[in-house]
1. For the stretch 65-78, state whether one or more residues are over 16 Å from the mean Cα position of the chain (by Cα) and exposed (fewer than 15 other Cβ atoms within 10 Å of the Cβ).
2. Among the residues of the stretch 125-132, are any surrounded by 15 or more Cβ atoms within 10 Å (Cβ to Cβ), part of a helix (DSSP H, G or I) and out of contact with any Gly (no Cβ under 6 Å at 6 or more places or on another chain)?
3. Condition test on residue 115, is it without any contact (Cβ under 8 Å) to a residue 12 or more places away in the chain and part of a helix (DSSP H, G or I)?
4. Which count do you get for residues in the stretch 141-153 that are surrounded by fewer than 18 Cβ atoms within 10 Å (Cβ to Cβ) and free of Cβ contacts under 8 Å to residues at least 40 places away in the same chain?
5. Select from the stretch 139-180 the residues that are assigned to a helix (DSSP H, G or I), β-branched (Val, Ile, Thr) and more than 15 Å from the chain's Cα centre (by Cα) and list them in ascending order.
Amino acid sequence: MWAVCKKEFRQFFSSLTGYIAIIVFLLLTGLLLFVFPDTSILDFGYASLEKFFDLAPWVLLLLIPAISMRSFSDEYRSGTFEILQSKPLTCWQIVGGKYLACLLVIAIALLPTWIYFFSVQHLSGQTGMDLGATMASYAGLFFLTAIFAAVALFCSSLTSNAMVAFIAAGFSCFLGSGLA
């Protein structure tokens, strides 16, 4: 399982697409939270990352399908899935390795958003932010991304076309998330 996870992780960061996906996620959330006046957290008058946790699932609807769209579809398209199955790995280890690699990439994308927490905490003055609520919100956001990743990997396993997998995963996550 770890071999599949390392392969997927390296494959994601071996191309510019992986870096661009994470940079677009961070840039979009940063602009929405600090620059655009309708969604700026600086206009609230109190220290809270509530707007981030409201907007992040919408942005993750695009990030997670972009991360996982090639997991199985490229294996099918290039014919390497049969080679992968010939290795001494069970189906659960193959799927688990790909899923774990997807979760690691998502965790790497969410890790820099702690800068938002430290920035708002520093700007809040003496009262500070509610650390428990913020930690629980991050945990909930990670669990939501775990569900999105599972759905996106499933959609990637249905087709050999990465763009079809991206669209199907985004649509499925949108319908299943209750954001609709």
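Derivation of every value follows stated rules applied to the coordinates shown; laboratory data play no part. What you are looking at is a predicted structure, and each value in this text was computed from that prediction instead of being measured. Positions of Cβ are generated from backbone atoms using ideal geometry, with glycine treated the same way; all protein chains shown enter the neighbour counts.
1. Taking every residue of the stretch 65-78 in turn, at least one turns out to be over 16 Å from the mean Cα position of the chain (by Cα) and exposed (fewer than 15 other Cβ atoms within 10 Å of the Cβ).
2. no
3. Considered against the rule, which asks whether it is without any contact (Cβ under 8 Å) to a residue 12 or more places away in the chain and part of a helix (DSSP H, G or I), residue 115 comes out as yes.
4. So the count comes out to 3.
5. 164, 167 - these are the residues of the stretch 139-180 that are assigned to a helix (DSSP H, G or I), β-branched (Val, Ile, Thr) and more than 15 Å from the chain's Cα centre (by Cα).
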